[in-house]
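Below is one structure, written out as structure tokens; the observations come after it.
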Amino acid sequence: QVELVESGGDSVQAGGSLRLSCAASRYIVSRYCMGWFRQAPGKEREGVARIDIVSRTNYADSVKGRFVISRDNVKTTLYLQMNSLKPEDTAMYHCAARQCFRPADSWEYWGQGTQVTVSS
């Protein structure tokens, strides 16, 4: 039984910051590849950032230099620190997890999402 629970979404002004959290089991956070995705109305889901078991990270070009993905194996939480937010960052943000040996598109578990809204 795997549950991912996101929190931290809010409505903010452009240029502001938010930190999203994804709570999961210690086993998932420490031994699975995890990632953040977002989807805006009328658009396809977009991979934002991912982190593997040895903390290698990957970011979408649109968020490089502004967002940081990290995990805390003690608090059993995945984070997405979002800085210099832009209106185009507005979306529902979901965290996901998969066993790292599986194909990169085989995300096994998903949270319900947290809404981020950025206004000018």
Considering residues of the range 67-89 that are in a loop (DSSP other than H, G, I, E, B) and among the hydrophobic types (A, V, I, L, M, F, W, C) only, the residue surrounded by the fewest Cβ atoms within 10 Å (Cβ to Cβ): Val74
Number of the exception - Arg98 against (1) in contact with a Ser or Thr (Cβ under 8 Å, 6 or more places away or on another chain); (2) closer than 27 Å to Val12 by Cβ: (2)
Output for the range 1-13, where each listed residue is part of a strand (DSSP E or B) and open to solvent by 50 Å² or more (accessible area, probe 1.4 Å): Val5, Ser7, Ser11, Gln13
Strands (runs of 3 or more DSSP E) contained in the range 14-58 and holding at least 1 residues out of contact with any Pro (no Cβ under 7 Å at 6 or more places or on another chain) and closer than 12 Å to Arg98 by Cα: 33-39, 46-51
Positions within the range 46-61 being charged (D, E, K, R) and under 12 Å from the mean Cα position of the chain (by Cα), in sequence order: Glu46, Arg50
Some residue of the range 100-120 being in contact with a helix residue (DSSP H, G or I) (Cβ under 7 Å, 6 or more places away or on another chain), open to solvent by 50 Å² or more (accessible area, probe 1.4 Å) and either in a loop (DSSP other than H, G, I, E, B) or over 27 Å from Val54 (Cβ atoms) (or both): yes
Residues satisfying the stated conditions in the range 90-99, i.e. under 16 Å from Glu44 (Cα atoms) and either assigned to a loop (DSSP other than H, G, I, E, B) or open to solvent by 20 Å² or more (accessible area, probe 1.4 Å) (or both): Thr90, Met92, His94
Selected residue (criterion: farthest from Thr77 (Cα to Cα)) from residues of the range 20-66 that are open to solvent by 70 Å² or more (accessible area, probe 1.4 Å) and among the basic types (Lys, Arg): Lys43
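The values are calculated or read from the model by the stated rules, or taken from the named source; none is laboratory data. Keep in mind that what you see is a predicted model, and the values were worked out from it rather than measured. Here Cβ is always computed from backbone atoms with ideal geometry, including for glycine, and neighbour counts include all displayed protein chains. For the accessible areas, the whole protein counts, side chains as well, though only heavy atoms, and no ligand, DNA or RNA atoms are used. Shrake-Rupley method; radii C 1.70, N 1.55, O 1.52, S 1.80 Å.
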